[in-house]
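Trainee: Following this message is one structure expressed as structure tokens.
The values are calculated or read from the model by the stated rules, or taken from the named source; none is laboratory data. Being a predicted model, the structure only gives us computed values, none of them experimental. Using ideal geometry, Cβ is built from the backbone for each residue, glycine included, and neighbour counts are taken over all protein chains shown.
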Ligand code: KIV
Ligand code: ZN
């Protein structure tokens, strides 16, 4: 099994979700939970973006001692200096510099030639290296960049001292095969590539962020960036809980370990949802309300006989107490009987049959039959002589 570093950017890219604004205390609370979850590195924020973010990054850097803390900076000296002021108290201060490399970004956003972009990237990585031992450089919009140009700039920033090269799919445009091939190409065409580690950073615009991240790892990336619950710009980032659980569940196929304490996943997800106000959809993989809920009678019957019939992840693995059998119109007699027993009620076979009939009638009008509804039904059949 080879070790994959999990780089959490919930507090930076995740906070870039429209409408999300975390204060210092909230960021610190999430940072402590990320430390408990066991992420290798957390990106605490973008210190040059605001005084509030500077203070939050500093508080996290001064508090978190078991996880490396990093922060984002543009390739400008003042950003790097500000990041250093915020991070110098960290156990392992690290900086994350980024500069766009795609023709679209260089032409329209930066208005710089490729040579100017190389010069800026090299100079600023070298500048950051005077303060930080760990310097990550990101080729923003790497997935829409020219691979030959990327190989050229990567070689130069590694020579300038970059320790991690991140190749983001900034706009969630790539596909697993293409993204994997890009990492393979860099491995094969950048002469000094082994002096740095490769990182992937995927956005979810086409719903492929997790698959793309795994493809990158299969082609030489040793760090995966993402966020809890997949929050982030537009459609969000790769969902770290999905990445970690996918690698674990399919370890027969993927010989990688993330070191995450998977049983802390649900608690982390709930905390991030509560503090960001971004609640996850019910059918979200791993952490959604329905991820371990079964409604159809056939599924419920199967799960009651043996959970592995319809569950590939055990709820306990990710810190969820147990699965649930949803009481709705598709529920079957077997699950109903089990539910009644769970409520601590003993019914004769006849009463059970009667109660099941009433339950089925109710499901014609109600999507979910609650425990209170069931108690009412049971009282009705018990008083019925
Ligand atoms: O998506 C992206 O390109 C980023 C960079 C700042 C790494 O978030
Ligand atoms: Zn991003």
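Trainee: Name every residue in region 13-30 that is out of contact with any helix residue (DSSP H, G or I) (no Cβ under 9 Å at 6 or more places or on another chain) and surrounded by 22 or more Cβ atoms within 10 Å (Cβ to Cβ), in order of residue number.
Mentor: Listed by number, the list holds a single entry, 13.
Trainee: Out of curiosity, is residue 33 without any contact (Cβ under 8 Å) to a residue 24 or more places away in the chain and either in a loop (DSSP other than H, G, I, E, B) or surrounded by fewer than 23 Cβ atoms within 10 Å (Cβ to Cβ) (or both)?
Mentor: Working: without any contact (Cβ under 8 Å) to a residue 24 or more places away in the chain: no; either in a loop (DSSP other than H, G, I, E, B) or surrounded by fewer than 23 Cβ atoms within 10 Å (Cβ to Cβ) (or both): yes.
No: the conditions fail for residue 33.
Trainee: Related question: So which residues in region 140-152 are more than 17 Å from residue 191 (Cβ to Cβ) and either under 27 Å from the mean Cα position of the chain (by Cα) or surrounded by 19 or more Cβ atoms within 10 Å (Cβ to Cβ) (or both), if there are any at all?
Mentor: 140, 141, 142, 143, 144, 145
Trainee: Right, next: Which residues, taken from region 88-120, are assigned to a helix (DSSP H, G or I) and in contact with a strand residue (DSSP E or B) (Cβ under 7 Å, 6 or more places away or on another chain)?
Mentor: Within region 88-120, 105, 106, 109, 110, 117, 120 qualify.
Trainee: Confirm whether residue 174 is within 27 Å of residue 234 (Cβ to Cβ) and within 16 Å of ligand 2 (Cβ to nearest atom). Spell out how you get there, then give the answer.
Mentor: On the way: within 27 Å of residue 234 (Cβ to Cβ): yes; within 16 Å of ligand 2 (Cβ to nearest atom): yes.
Judged against the criteria, residue 174 is a match.
Trainee: Could you list, in sequence order, all residues of region 224-247 that are surrounded by fewer than 22 Cβ atoms within 10 Å (Cβ to Cβ) and on the phi < 0 side of the Ramachandran plot?
Mentor: 233, 235, 246
Trainee: Further question on the same structure: Specify which of the listed residues (138, 143) is within 16 Å of ligand 2 (Cβ to nearest atom), farther than 14 Å from residue 96 by Cβ and either at pLDDT 95 or above or not in a strand (DSSP E or B) (or both).
Mentor: One residue alone meets the criteria, 143.
Trainee: Could you tell me whether region 37-47 includes any residue that is at pLDDT 95 or above, within 16 Å of ligand 1 (Cβ to nearest atom) and farther than 19 Å from residue 231 by Cα? Break it down stepwise before answering.
Mentor: In the first step, residues of region 37-47 are kept if they are at pLDDT 95 or above; the result is 37-47.
Narrowing the set further to residues that are within 16 Å of ligand 1 (Cβ to nearest atom) leaves 41-47.
Checking which are farther than 19 Å from residue 231 by Cα leaves us with 47.
Yes, region 37-47 contains a residue that is at pLDDT 95 or above, within 16 Å of ligand 1 (Cβ to nearest atom) and farther than 19 Å from residue 231 by Cα.
Trainee: Now a separate question. Quick one: which residue in 5, 41, 36 is within 16 Å of ligand 2 (Cβ to nearest atom) and on the phi < 0 side of the Ramachandran plot?
Mentor: Going through 5, 41, 36 in turn, the sole match is 41.
Trainee: Just one of 241, 233, 263 is away from ligand 1 (no atom under 16 Å from the Cβ) and touching a helix residue (DSSP H, G or I) at 6+ places or on another chain (Cβ under 6 Å); which is it?
Mentor: 241
A quick yes/no check of all residues on (1) surrounded by fewer than 23 Cβ atoms within 10 Å (Cβ to Cβ); (2) in contact with a helix residue (DSSP H, G or I) (Cβ under 6 Å, 6 or more places away or on another chain):
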site	(1), (2)
56	no, yes
78	yes, no
83	no, yes
99	no, yes
105	yes, no
116	yes, no
131	yes, yes
135	no, yes
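Trainee: In region 185-211, what residues are under 13 Å from the mean Cα position of the chain (by Cα) and either within 13 Å of ligand 1 (Cβ to nearest atom) or without any contact (Cβ under 8 Å) to a residue 24 or more places away in the chain (or both)?
Mentor: 200, 201, 202, 203, 204, 209
Trainee: Being over 18 Å from residue 269 (Cβ atoms), within 16 Å of ligand 1 (Cβ to nearest atom), assigned to a helix (DSSP H, G or I) and free of Cβ contacts under 8 Å to residues at least 12 places away in the same chain, is that true of even one residue in region 13-30?
Mentor: no
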